[in-house]
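K.L.:
This is the structure, below, for whatever I ask next.
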Amino acid sequence: MTNSPKRSQKKLHLPGRLAWVRMALNVREKLNIGDKQVIFIWAIVIGALGALCALLFEQGVNTIQMLLTQQDYHQGQKDAFVYLSENRQAWCVLVPAIGGMLAGLTLLFTHRFVPSKATEYMEAVALGNGYVPPKPSLLRSLSAVFSIGSGASIGREGPLVQTAAVAGSALGRLFHLSAPRLRLIVACAAASGMAAAFHTPLAGGLFVSEIVLGALTIDFLAPLLVASCAGYFTMGLFHEPSPIYQLHEEIALSGNHHVLWCVVLGCSASLLARLWLIILKKSRKYLNGKREWLPVRLALAGAMVGAIALIYPEIVGNGKNIITELIHHEFDNATSLAAILLALKIGTVAVVFGVGTVGGALTPSLTIGSVFGFLFSAALTQMGVPGEHAIAYSLVGMAAFFTTAANAPITSLVLVVEFTMAGQMMFPLIIGVLVSYGTSRLTKAQSMYHDSLAFGPRSTFDKPLSLVKLGDVARSEPPVVHPLDKFGTIAAMLIKNPTQTIFVTSPEGKYLGSIVAEDVAAFAKNKELADAILAMDVSRNDMPTLPSDMHLPEALSVFTKSKNYESLALIDPENKNLLGVVNKTDLYMVLSEIMRREKLQ
């Protein structure tokens, strides 16, 4: 008798639950949500999540800076080290050394006690299947927090984006997404992190599409831009989304003679970037020794940066303070200082990278390019070229240098424009970027992201098309019901999987049939019919299935003949067990990617 109230209470709630399920199913049918819409929904969710991760990373860096320097992080790293160099000189050297030591110990702990190897987001998207191991990746990001927060002469965008990619990969795996879909989700997270970090909703998506994926097709670019804009919007809820390098005046280059000088600057900046890339490669080769000495190497590199900061505090951090002062005319009468900072920035970034510090090279490369452009302008002034063109050539130098450094002309152009909102500089920037890109092709310069994009875990996307099987691209945990399952179970499964076919299997896992949404929707309008139907009543036995050993082109022909189906069952050809589900959109994504790579090779 004690159980009877519970049974009656459950019966009372059951009709209400069924009514809710029927209503939800009706709404689902009216919205007509397709697979492409679901991709964009995912992009929005991941975009917001990526931005939150980026903001969390930034907060971690700022907290470490405040703890070590005892200065308000809102003042910036340069101001903090100016204070230390004037009042606590020993601490100015110790702060980056301590940060380097903590960063090295974190990396050493990761190598020794975390079995899985960290996968960079570039490897996961460009080469892998979208899986980013959370533990080693987050520990590497923590190491970067210590380095960057203590003033290491390095960028923060790499580990910041990596943190966002970890979150995106984890969420995608939680929902058992297929490899192509998981890969796209990680790319969306990376684009969102970039947009949130640099306030660049367009360049964030272009960065991942052009540099990481190597393709500017609308199928990839559209969800990346949606995620990037979602990240930008989320960031705007916490901070003012103003351009990072706000210009206080209109900048332009007037006169046809400036076209020639932009050509010269584009070529010169490309050659300097080529030299810088060689220096980075050599520094990694000769400075990154035994793993056991990581804490010592990073501490010594930090102490070196701290010692230089006693005289030149501008050298700490990613170089943002240098660009800001440059566009605000604070270097107009300090050309020699700019030249010294250029040499120091090239050297310190190379050393910090070479010893194994986790960080980014994007913002340091932009700093080097902008200072080089400023010095180029100063040389033109000495030659008698009229006009106020220091800031303009700084922007051209920034874009041209990054074009060769990253092998990304479109991203370079858009990035600089979004950084400064200097749309009137579009033509000179295009000239500098195109000349730099052409020069880099002639000199065969490899981008700073080459190793991440060329070496790493290989996956389906790197195989020849003839060797890829459907099992490599299928979702391994498809939505399943059993023959005697009732309407409520079927409808709930359809709501959770709005673009998927629902599969009917025996308790042993044998495929029995498929259920499509339109066959169930009619029953949702009639309560009596809904209460009466079972899964086997609405199951289709005439839908095509795909054997696991089938090749991709054959599967594509099956989808072509069955235009109404977005997904089909993957079947073991021997025992007819259900192995997974193949989605048509995923199939197109894999085919286009493999065919593009084979064409490039």
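K.L.:
Would you please name the residue that is nearest to I490 (Cα to Cα), looking only at residues in the stretch 524-549 that are modelled with pLDDT of 70 or more and of a type in the set (A, V, I, L, M)? Break it down into steps so the answer makes sense when it comes.
P.N.:
First, pick out the residues of the stretch 524-549 that are modelled with pLDDT of 70 or more: 532-549.
Subsequent filtering for residues that are of a type in the set (A, V, I, L, M) retains 532-536, 538, 543, 546.
Details: A532: 13, I533: 10, L534: 8, A535: 7, M536: 11, V538: 10, M543: 18, L546: 23 Å.
So, considering only residues that are modelled with pLDDT of 70 or more and of a type in the set (A, V, I, L, M), the one nearest to I490 (Cα to Cα) is A535.
K.L.:
Here is a list: A339, A299, A307, A343. Which entry is open to solvent by less than 30 Å² (accessible area, probe 1.4 Å), of a type in the set (A, V, I, L, M, F, W, C) and part of a helix (DSSP H, G or I)? Lay out the reasoning, then the answer.
P.N.:
Working: A339 fails: open to solvent by less than 30 Å² (accessible area, probe 1.4 Å); A307 fails: open to solvent by less than 30 Å² (accessible area, probe 1.4 Å); A343 fails: open to solvent by less than 30 Å² (accessible area, probe 1.4 Å).
Of the residues listed, the single one that is open to solvent by less than 30 Å² (accessible area, probe 1.4 Å), of a type in the set (A, V, I, L, M, F, W, C) and part of a helix (DSSP H, G or I) is A299.
K.L.:
Let me ask you something else. Within the stretch 362-373, is there a residue that is assigned to a helix (DSSP H, G or I) and open to solvent by 20 Å² or more (accessible area, probe 1.4 Å)?
P.N.:
Going residue by residue through the stretch 362-373, those that are assigned to a helix (DSSP H, G or I) are 362-373.
Applying the additional criterion that residues be open to solvent by 20 Å² or more (accessible area, probe 1.4 Å) yields 372.
Looking through the stretch 362-373, at least one residue is assigned to a helix (DSSP H, G or I) and open to solvent by 20 Å² or more (accessible area, probe 1.4 Å).
K.L.:
Take F401 and decide whether it is open to solvent by less than 20 Å² (accessible area, probe 1.4 Å), more than 19 Å from D332 (Cα to Cα), at pLDDT 95 or above and not aliphatic (A, V, I, L, M).
P.N.:
Values: open to solvent by less than 20 Å² (accessible area, probe 1.4 Å): yes; more than 19 Å from D332 (Cα to Cα): yes; at pLDDT 95 or above: yes; not aliphatic (A, V, I, L, M): yes.
Considered against the rule, which asks whether it is open to solvent by less than 20 Å² (accessible area, probe 1.4 Å), more than 19 Å from D332 (Cα to Cα), at pLDDT 95 or above and not aliphatic (A, V, I, L, M), F401 comes out as yes.
K.L.:
Which ones in the stretch 409-432 are among the small types (G, A, S) and either within 17 Å of T367 (Cβ to Cβ) or not in a helix (DSSP H, G or I) (or both)?
P.N.:
Scanning the stretch 409-432 gives S412, A422, G432.
K.L.:
Going through G158, G168 one at a time, which residue ends up being open to solvent by less than 10 Å² (accessible area, probe 1.4 Å), part of a helix (DSSP H, G or I) and small (G, A, S)?
P.N.:
Residue meeting the stated conditions: G168.
K.L.:
Next question, about the same structure. Evaluate the stretch 560-570: report whether one residue or more is surrounded by fewer than 13 Cβ atoms within 10 Å (Cβ to Cβ), modelled with pLDDT under 85 and in a loop (DSSP other than H, G, I, E, B). First the steps, then the outcome.
P.N.:
If we filter the stretch 560-570 for residues that are surrounded by fewer than 13 Cβ atoms within 10 Å (Cβ to Cβ), which is where we start, we get 560-561, 563-564.
When the remaining residues are screened for being modelled with pLDDT under 85, the result is 560-561, 563-564.
Now drop any that are not in a loop (DSSP other than H, G, I, E, B), which leaves 563-564.
Yes; the residues of the stretch 560-570 include at least one that is surrounded by fewer than 13 Cβ atoms within 10 Å (Cβ to Cβ), modelled with pLDDT under 85 and in a loop (DSSP other than H, G, I, E, B).
K.L.:
Going residue by residue through the stretch 256-279, is there one that turns out to be under 27 Å from L202 (Cα atoms), touching a residue at least 12 places away in the same chain (Cβ under 8 Å) and not in a helix (DSSP H, G or I)?
P.N.:
no
K.L.:
Condition check: open to solvent by 30 Å² or more (accessible area, probe 1.4 Å) and not β-branched (V, I, T). Does A252 satisfy that?
P.N.:
Details: open to solvent by 30 Å² or more (accessible area, probe 1.4 Å): yes; not β-branched (V, I, T): yes.
Here the answer is yes, as A252 does meet what is asked.
K.L.:
Can you tell me which of (1) part of a helix (DSSP H, G or I); (2) surrounded by fewer than 24 Cβ atoms within 10 Å (Cβ to Cβ) is the one L177 doesn't meet?
P.N.:
Here L177 clears every test but (1).
The values are calculated or read from the model by the stated rules, or taken from the named source; none is laboratory data. These numbers were taken from a predicted model, which means no experiment stands behind them. Backbone-built Cβ (ideal geometry, glycine too); neighbour counts: all protein chains shown. Areas reflect the complete protein model, heavy atoms only, side chains present, ligands, DNA and RNA absent. Shrake-Rupley method; radii C 1.70, N 1.55, O 1.52, S 1.80 Å.
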